[in-house]
Amino acid sequence: MKTLFLSFVGTFILTTFTFSQTAFNADSLSKHVYTLADDSFEGRSIGAKGGYKAAEYIVNEFKSIGIKPYLSDYYHNFSHQTGAITVEGKNIIGFIEGSNPILKNEYIVIGGHYDHIGYFINKRKEKIIFNGADDNASGVAAVIELGREILKNRNLFKRSIILVAFDGEESGLNGSKWMVKDSLIEPSQIKLMISIDMIGMLSKAEGIELLGMGTLKNGNLMANQVAAKNQLKIKKSTKNLQSRTDTKPFGDIGIPAIHITTGTISPYHKPEDDANLLDYEGMAQITEFTFNLAQKLAAEESTQLISAIATKDGKPKTKIFKPGVRFNMGSSWHKYPAEFYNGKDGFAIQTGLYTHINLVSRFSLQPEVLYETMGSDNTDGKFRTHAITTPVNILISFAGNKDFETWSYFVLGAYYTYNFAGKKGSHNIDFEDTFDPYEYGLNAGFVINMSKIQIGITRKIGLSNLYRDKKNGTIQNSAILGTLGFNF
């Protein structure tokens, strides 16, 4: 019994101390950020002198720590076309072999982009530098220090760790895209990708965001267990793959991909994003959380590390139906085709539900069910109707960026409307004898869909006569509306 008790105590102590007894140092993280976000690096733009200088700094840090290169050297070079200029980007890739003879052939990728958006010369010939301390010298600092601690505690990591400082994120996720495209690692061997991007504002954010944590089956459960031990609040956790950071190219081929961040509450993409603004104690806490999470996942059985991303033939399963809500607002007026004038504009509002249905290639169908009120002024006073309208539009894509899930569409379609109430001046509109409650017409417009947000402009052209009897004349509805939609 005594032996069993001592064994239990020993196991408990070992588990407690191996879970995390790292000592991530705020000063070490600060040193990296102050270096990479210094004016001498000129904003670390891809293909520029400052970007290459940052790459050299990261390589030297990897070497001094003892992190081996994954390739023949640390550099993974790729080309990026920007306008008429082709520039050379450089990913920095380090490798720490796992301790388990079988699981070491599986990988966890931990990365953060080191590039930022460079500088510009203002009208006074001053150089305005975007130092990008939070975005993303903070993430690179964490990657470097994670490498140091993982190497020290290599026996705790059964799977191998790939450490990457990505180039070209700001110009369209180019470094991570090329790493995936060049198949440097067989995708089936990568069990998880973690992107550390903007972690310098913990005290202001009062917690971290784990964007894409739900791409890993049971990922939220594992993250909550680790966060509780680190006394770190998870402010937000999502199941959807993020489109605007280096997780996306990995998620696109079915690899669970998590973005760890404190959000964009720093001076995001502004010259004021400087090293003195960051919370380095908070960064140390987040880096330790990342270490412990990676440690836990590197030791899990393969049956636990399962992608929750629906894929087919190595590509994400595209959602065919995207339901959403919308609000449209603009102006409406009545046309009098037989006369030389139109009614004076009144305000128009539509709100309700829609579904974006992907058809083939560049074509989508978008049926909607909306409440609508339209108005116009004429000689008899204000004319206003309340209706249910059902537009059905074809969306034809003519431009887009799949990395940022942004698409531009021409809109063509038709609508059918039932007017259930209204007033003409101070009197209720007579839909029994004088006015026809049913109307139809055409829609035409332009829409931009940015991830979950849809904005655009629509022209509504009435074709039917609002009068039942043509002897009373001809009135047709017309409107122009700004549109705003949100996909679920």
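Evaluate the following for I185: is it under 21 Å from the mean Cα position of the chain (by Cα) and outside any helix (DSSP H, G or I)?
In short, no.
Filter segment 57-90 down to the residues that are out of contact with any strand residue (DSSP E or B) (no Cβ under 7 Å at 6 or more places or on another chain) and surrounded by 13 or more Cβ atoms within 10 Å (Cβ to Cβ), then identify the one that is farthest from K177 (Cα to Cα). Can you show your working first?
Residues of segment 57-90 that are out of contact with any strand residue (DSSP E or B) (no Cβ under 7 Å at 6 or more places or on another chain), as a first pass: 57, 60-61, 63-66, 72-73, 81-85.
Still in the list and also surrounded by 13 or more Cβ atoms within 10 Å (Cβ to Cβ): 57, 61, 63, 65, 82.
Working: Y57: 23, E61: 24, K63: 25, I65: 27, T82: 16 Å.
For segment 57-90, the residue satisfying everything is I65.
Within the set of pairs 6+ apart or on separate chains, which have a first residue in segment 212-225 that is over 15 Å from K236 (Cβ atoms), a second that is modelled with pLDDT of 90 or more and outside any helix (DSSP H, G or I), and C-beta atoms under 6 Å apart?
L216/P256
Write out, first by first residue and then by second, each pair whose Cβ atoms fall under 8 Å of each other, whose residues are 6+ apart or on separate chains, and whose first residue, in segment 261-284, is in a helix (DSSP H, G or I) while the second is surrounded by 14 or more Cβ atoms within 10 Å (Cβ to Cβ) and among the polar types (S, T, N, Q).
Partner pairs satisfying both residue conditions: A275/S30; A275/N131; L277/S266; Y280/S30; G282/T262; M283/S138; A284/N25.
In segment 109-126, how many residues are in a loop (DSSP other than H, G, I, E, B) and β-branched (V, I, T)?
Selection size over segment 109-126: 1.
Just checking, how many residues over segment 447-474 are modelled with pLDDT of 90 or more and in a strand (DSSP E or B)?
Number satisfying all stated conditions: 12.
The conditions are (1) buried (at least 22 other Cβ atoms within 10 Å of the Cβ); (2) closer than 19 Å to K90 by Cα; (3) without any contact (Cβ under 8 Å) to a residue 60 or more places away in the chain, and S183 fails exactly one of them. Which is it?
Only one criterion is unmet by S183, namely (1).
Here are L192, L202: which of them is among the aliphatic types (A, V, I, L, M), surrounded by 16 or more Cβ atoms within 10 Å (Cβ to Cβ) and within 19 Å of A137 (Cβ to Cβ)? Steps first, please.
Details: L192 fails: within 19 Å of A137 (Cβ to Cβ).
Of L192, L202, the one residue that is among the aliphatic types (A, V, I, L, M), surrounded by 16 or more Cβ atoms within 10 Å (Cβ to Cβ) and within 19 Å of A137 (Cβ to Cβ) is L202.
When you go through G10, G51 one by one, which is the residue that is modelled with pLDDT under 95 and in a helix (DSSP H, G or I)?
On inspection, the qualifying residue turns out to be G10.
Check whether at least one residue in segment 146-156 is farther than 27 Å from G83 by Cβ, under 25 Å from the mean Cα position of the chain (by Cα) and modelled with pLDDT of 95 or more, and report yes or no.
Residues of segment 146-156 that are farther than 27 Å from G83 by Cβ, as a first pass: 146-156.
Checking which are under 25 Å from the mean Cα position of the chain (by Cα) leaves us with 146.
If we keep only those that are modelled with pLDDT of 95 or more too, we end up with 146.
Yes, because at least one residue in segment 146-156 is farther than 27 Å from G83 by Cβ, under 25 Å from the mean Cα position of the chain (by Cα) and modelled with pLDDT of 95 or more.
Which condition does E149 not pass, out of (1) farther than 30 Å from E272 by Cβ; (2) acidic (D, E); (3) not in a helix (DSSP H, G or I), if it passes all the others?
For E149, the failing item is (3).
The values are calculated or read from the model by the stated rules, or taken from the named source; none is laboratory data. Bear in mind the structure is a predicted one, so any value in this text is a computation, not a measurement. Because the Cβ atoms are built from the backbone with ideal geometry, glycine has one as well, and the counts that use them run over all protein chains shown.
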